[in-house]
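J.: Before anything else, here's the structure in question.
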Amino acid sequence: MPKGYAGVVIQNRVFIIIANRVGVERGVRFTGRSQIVAPDMKVLTSSDENIEEVKVINVNPREADSKMVTEYNDL
């Protein structure tokens, strides 16, 4: 997972979807590697860096209900 998104997941305790293109356009290379990440930072699925693909997964939205990060930090 890109480092910047780890903070988003921890701070907000939400599922995040990171989407990126693949291939080259006007000389710019896109790195792909799209991901779906759970509130506990577990990568639920990720895509390749060179292949266009669609992935569908089931998630339990209740996993994002608890905003407790530690026993001393409950949002």
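J.: Taking only the stretch 52-75 into account, find how many residues are modelled with pLDDT of 90 or more and among the aliphatic types (A, V, I, L, M).
T.: 4
J.: How about the stretch 20-38: which of its residues are assigned to a loop (DSSP other than H, G, I, E, B) and within 9 Å of the chain's Cα centre (by Cα)?
T.: Ser34, Ala38
J.: Out of the residues in the stretch 20-61 that are surrounded by 15 or more Cβ atoms within 10 Å (Cβ to Cβ) and not hydrophobic (A, V, I, L, M, F, W, C), state the one that is nearest to Val8 (Cα to Cα).
T.: Pro39
J.: Just checking, how many residues over the stretch 19-75 are free of Cβ contacts under 8 Å to residues at least 12 places away in the same chain and touching a Lys or Arg at 6+ places or on another chain (Cβ under 7 Å)?
T.: Number of matching residues: 2.
J.: Do you know which residues across the stretch 62-73 are in a strand (DSSP E or B), out of contact with any helix residue (DSSP H, G or I) (no Cβ under 7 Å at 6 or more places or on another chain) and either surrounded by 10 or more Cβ atoms within 10 Å (Cβ to Cβ) or of a type in the set (Lys, Arg) (or both)?
T.: Within the stretch 62-73, Met68 is the sole residue that qualifies.
J.: Can you tell me which residue within the stretch 24-53, out of those that are touching an Asp or Glu at 6+ places or on another chain (Cβ under 8 Å) and small (Gly, Ala, Ser), is nearest to Ala64 (Cα to Cα)?
T.: Across the stretch 24-53, the extreme among qualifying residues is Ala38.
The values are calculated or read from the model by the stated rules, or taken from the named source; none is laboratory data. Computed from a predicted model, the values in this text were never measured in an experiment. Positions of Cβ are generated from backbone atoms using ideal geometry, with glycine treated the same way; all protein chains shown enter the neighbour counts.
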